[in-house]
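Q: Here you go, one structure.
The values are calculated or read from the model by the stated rules, or taken from the named source; none is laboratory data. Quick caveat: nothing in here was measured; it's all calculated off a predicted structure. Note that each Cβ is placed from the backbone with ideal geometry, even for glycine, and that neighbours are counted across all protein chains shown.
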Amino acid sequence: MTPLIEGLSAPAHVVVTGASSGIGLALVTQLLAHSQVAQVHAIARRAEHSAALQALRNEHGDRLLCCAMDITDAHSRQLGVARITHRSAQLHCLIHAAGVLHAPDIRPEKSINQLNEPALVQLLQVNAIAPILLTQALLPAFRQAPAGVIAAISARVGSISDNALGGWYSYRASKAAQNQLFRTLSIEVRRSHPNLRVVSLHPGTVDTPLAAPFKANVAADRLFTPALSATHLLRVIAGLHNEDSGQFFAWDGQAIPW
Ligand SMILES: NC(=O)c1ccc[n+]([C@@H]2O[C@H](COP(=O)([O-])OP(=O)(O)OC[C@H]3O[C@@H](n4cnc5c(N)ncnc54)[C@H](OP(=O)(O)O)[C@@H]3O)[C@@H](O)[C@H]2O)c1
């Protein structure tokens, strides 16, 4: 089996956010099927009550630990990080798949007239602020890793230079902010964690609850299942080298301009 991360031969301890649904759940499923993975910490707000995660736990036992965490809540993050690092003093991979595009009271904006402060703040919090603060709290657990990956699942629409269509102000801005935060981290950790690769990844357009309201406009062959997207993403992660740190890659390994 291909190593989970290039240069890592030890059993791998992995954290995945957004683990209750879509891409995050598919990543957890495939990570548990990988023989090198010793431990997966699956984060979602009600992780312990997720039927899908419970089914995986029945199959894989203690290799899967469900961690109830609202990533936007500092106290919840603190409790969750303590539980994760108690079990896995050493981490090798952190994948941020939690994210929000719409909610009952949030719709992606078509025009500046639809922009509203609570929605903009909420998307920035979930998609950009919470992931980097969770990373800050977990980073000490990466220090001794012979090789490691921190991957923030971003979105191509977060690319500023690729933005030809406009619209989706809050989501685009939150993903651009996420990209900048993780790019900045990649530069800082070059010395302190020379074998830690920090990347942003675009998963493709994926048939999940997040994409559901918009999938009618997507050609069937361009709409991935969560499982296919997860397979692509894990392949990109496995192929990363130290010099790839700080880059933004699509599901097929192609670099995306910022
Ligand atoms: N689907 C696509 O086409 C597509 C395209 C480009 C990028 N992406 C990105 O891919 C990532 C995964 O999206 P998806 O399509 O798999 O979405 P999804 O199926 O809607 O899953 C979103 C996940 O985020 C978690 N989440 C949301 N708010 C949270 C919070 N405050 N605390 C903890 N967890 C929270 C949800 O968990 P709970 O609600 O259970 O807590 C859920 O597990 C997102 O970052 C998204 O922006 C998706």
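Q: Could you grab me the full set of residues in the stretch 145-162 that are outside any loop (DSSP other than H, G, I, E, B), closer than 24 Å to Cys93 by Cα and within 12 Å of the ligand (Cβ to nearest atom)?
A: Taking the stretch 145-162 first, the residues outside any loop (DSSP other than H, G, I, E, B) are 148-153, 156-158.
Now restrict to residues that are closer than 24 Å to Cys93 by Cα: 148-153, 156, 158.
Result: Ala151, Ala152, Ile153, Arg156, Gly158.
Q: Would you mind listing the strands (runs of 3 or more DSSP E) fully within the stretch 1-99 where at least 2 residues are within 20 Å of Ala137 (Cα to Cα) and more than 15 Å from the ligand (Cβ to nearest atom)?
A: 12-17
Q: For the stretch 188-212, how many residues meet the condition of being of a type in the set (A, V, I, L, M), within 11 Å of the ligand (Cβ to nearest atom) and in a strand (DSSP E or B)?
A: Going through the stretch 188-212, the residues of a type in the set (A, V, I, L, M) turn out to be 189, 196, 198-199, 201, 206, 210-212.
Of the ones still in play, those that are also within 11 Å of the ligand (Cβ to nearest atom) are 201, 206, 210-212.
Next, from what is left, pick out any that are in a strand (DSSP E or B): 201, 206.
Adding up the residues that qualify gives 2.
Q: Pick from Met69, Met1: which is modelled with pLDDT under 95 and either more than 27 Å from Arg235 (Cβ to Cβ) or aliphatic (A, V, I, L, M) (or both)?
A: Details: Met69 fails: modelled with pLDDT under 95.
Testing whether each residue is modelled with pLDDT under 95 and either more than 27 Å from Arg235 (Cβ to Cβ) or aliphatic (A, V, I, L, M) (or both) leaves just Met1.
Q: Which residues, taken from the stretch 70-88, are in contact with a strand residue (DSSP E or B) (Cβ under 7 Å, 6 or more places away or on another chain) and farther than 18 Å from Arg46 by Cβ?
A: Scanning the stretch 70-88 gives Arg87, Ser88.
Q: Please work out which one of (1) out of contact with any helix residue (DSSP H, G or I) (no Cβ under 8 Å at 6 or more places or on another chain); (2) touching a residue at least 12 places away in the same chain (Cβ under 8 Å) is the condition Asn179 fails and give its number.
A: That leaves (1) as the condition not met.
Q: Specify which of the listed residues (Leu165, Leu181, Leu138) is within 16 Å of the ligand (Cβ to nearest atom), aliphatic (A, V, I, L, M), under 28 Å from Ala10 (Cα atoms) and surrounded by fewer than 24 Cβ atoms within 10 Å (Cβ to Cβ).
A: Leu138
Q: Quick one: Lys215 ticks every box in (1) modelled with pLDDT under 95; (2) away from the ligand (no atom under 12 Å from the Cβ); (3) part of a helix (DSSP H, G or I) except a single one, so which number is it?
A: Every condition holds for Lys215 apart from (2).
Q: May I ask you to list pairs of residues, at least six apart or on different chains, whose Cβ atoms are under 8 Å apart, with the first in the stretch 83-109 being on the phi > 0 side of the Ramachandran plot and buried (at least 24 other Cβ atoms within 10 Å of the Cβ) and the second being among the β-branched types (Val, Ile, Thr) and in a loop (DSSP other than H, G, I, E, B)?
A: none
Q: Condition check: closer than 26 Å to Ile84 by Cβ, modelled with pLDDT under 95 and buried (at least 20 other Cβ atoms within 10 Å of the Cβ). Does Ala151 satisfy that?
A: When the stated conditions are applied, Ala151 does not pass them.
Q: Restricting the stretch 198-213 to residues that are without any contact (Cβ under 8 Å) to a residue 60 or more places away in the chain and more than 14 Å from the chain's Cα centre (by Cα), which is nearest to Ala147 (Cα to Cα)?
A: Thr205
Q: Turning to a different aspect of this structure: Counting just the residues of the stretch 218-239 that are outside any helix (DSSP H, G or I) and aliphatic (A, V, I, L, M), which one comes out farthest from Asn179 (Cα to Cα)?
A: Among those that are outside any helix (DSSP H, G or I) and aliphatic (A, V, I, L, M), it is Ala219.
Q: Would you confirm whether or not the stretch 240-247 contains a residue that is closer than 17 Å to Leu4 by Cα, more than 9 Å from the ligand (Cβ to nearest atom), in contact with a helix residue (DSSP H, G or I) (Cβ under 9 Å, 6 or more places away or on another chain) and part of a loop (DSSP other than H, G, I, E, B)?
A: Within the stretch 240-247 (the criterion being closer than 17 Å to Leu4 by Cα, more than 9 Å from the ligand (Cβ to nearest atom), in contact with a helix residue (DSSP H, G or I) (Cβ under 9 Å, 6 or more places away or on another chain) and part of a loop (DSSP other than H, G, I, E, B)), the answer is yes, since at least one residue qualifies.
Q: Looking only at the stretch 115-135, count how many residues are crowded, with 21+ Cβ neighbours inside 10 Å, over 22 Å from Leu234 (Cα atoms) and touching a Leu at 6+ places or on another chain (Cβ under 9 Å).
A: Of the residues in that region, 1 qualify.
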